[in-house]
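To keep things clear, I will list the structure first and then write my remarks on it.
The values are calculated or read from the model by the stated rules, or taken from the named source; none is laboratory data. The structure presented is a predicted model; accordingly, all values stated were derived computationally and were not measured. Every residue, glycine as well, gets a Cβ built from its backbone with ideal geometry; the counts of neighbours run over all protein chains shown. Quick note on the areas: whole protein, heavy atoms, side chains included, nothing else; ligands and nucleic acids left out. Shrake-Rupley method; radii C 1.70, N 1.55, O 1.52, S 1.80 Å.
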Amino acid sequence: MKGLGRSVYYWLYNLEKTFVIMFATISAIVAFQVLVNGGDLSAVMPQMYIPMIGSIMLIAMFMNNAVHFIPQSLSYGGTRKDVFMGMEIAIHLMMMQWMLLVIIGMFIMPADFFSADFFKQCLSIYLACCGLGNLLCAGSLKYGAKIGMILYIIFVVAASIFIGVFFALSANNIVEYMSNGASYFAVLLAAVLLDGIMIAICYFAIRKYEVR
């Protein structure tokens, strides 16, 4: 447990630095857009930016982990099990940190921007992106950084297109998503299963990984 505790601290320290840098950059860009549009927050579409940016950040973290932090932590003497478990705990805490931002937004933003349905949508999307990130991490560890970069580009483009199209359609009431409890449960279960399966694949990849 002591080794796992050190691993979680290591991952949280490094991932939190990445989160703060990226979040500060994004906040500056959004603030600039709001100023340019005369303070009209609706012009920057927070309903689309929050899930899109959070998804890209989670996938990018997995890519960075595979090519930098995992080799570094193993070379420092960490066991594969502790490194893997620490990474997964830290990444999912990063996901919950994004969900905390959504919850805060539900209290301080107009209801049209952040709602209960929006919270459920973000949770499912982030879980699915954690699953894709684990697959990306496994591919990078097994086949190298070049293959990992190809997967990273594919996943980021696919996530951006899906989220952009989905929220554009939702804004025009063309689709009704997750308004039904049973439908939402099925989507959430699929996202959880995807994440769980990809976690297992990533674990098998890191068990066979040799530090180069």
(message) Looking at Gly105, Gly131, can you tell me which residue is surrounded by 15 or more Cβ atoms within 10 Å (Cβ to Cβ) and at pLDDT below 80?
(response) Gly105
(message) Can you tell me how many residues within the stretch 123-149 are touching a Ser or Thr at 6+ places or on another chain (Cβ under 9 Å) and of a type in the set (A, V, I, L, M, F, W, C)?
(response) 6
(message) Name the residue that is modelled with the lowest pLDDT, counting only residues in the stretch 57-76 that are surrounded by 14 or more Cβ atoms within 10 Å (Cβ to Cβ) and of a type in the set (Phe, Trp, Tyr).
(response) Phe69
(request) Give just the number: which of (1) under 17 Å from Ala159 (Cβ atoms); (2) modelled with pLDDT of 85 or more; (3) not aliphatic (A, V, I, L, M) does Gln47 not satisfy? (result) (2)
(request) Determine which member of the set Tyr177, Tyr152 is at pLDDT 85 or above, of a type outside the set (Val, Ile, Thr) and either touching a Ser or Thr at 6+ places or on another chain (Cβ under 8 Å) or part of a helix (DSSP H, G or I) (or both). (result) Tyr152
(message) Taking the conditions exactly as written (crowded, with 17+ Cβ neighbours inside 10 Å, modelled with pLDDT under 90 and not in a loop (DSSP other than H, G, I, E, B)), does Gly54 satisfy them or not?
(response) yes
(message) Would you confirm, using the coordinates I've provided, whether Met96 is farther than 22 Å from Gly196 by Cβ and part of a helix (DSSP H, G or I)?
(response) no
(message) If the requirement is being over 15 Å from the mean Cα position of the chain (by Cα), at pLDDT 70 or above and surrounded by 15 or more Cβ atoms within 10 Å (Cβ to Cβ), which of these qualifies: Phe185, Phe166?
(response) Phe166
(request) Restrict the check to the stretch 142-151 and report whether at least one residue is on the phi > 0 side of the Ramachandran plot and without any contact (Cβ under 8 Å) to a residue 60 or more places away in the chain. (result) yes
(request) Six or more apart or on different chains, Cβ under 7 Å: which pairs go from a residue in the stretch 1-16 that's in contact (Cβ under 8 Å) with a residue 40 or more places away in the chain and crowded, with 19+ Cβ neighbours inside 10 Å to one that's part of a helix (DSSP H, G or I) and among the small types (Gly, Ala, Ser)? Could you list them? (result) Ser7/Gly86; Tyr10/Ser73; Tyr10/Gly86; Trp11/Gly86; Trp11/Ala90; Leu15/Ala90
(request) Take Phe119 and decide whether it is closer than 23 Å to Leu188 by Cβ, open to solvent by 40 Å² or more (accessible area, probe 1.4 Å) and either in a loop (DSSP other than H, G, I, E, B) or out of contact with any Leu (no Cβ under 8 Å at 6 or more places or on another chain) (or both). (result) yes
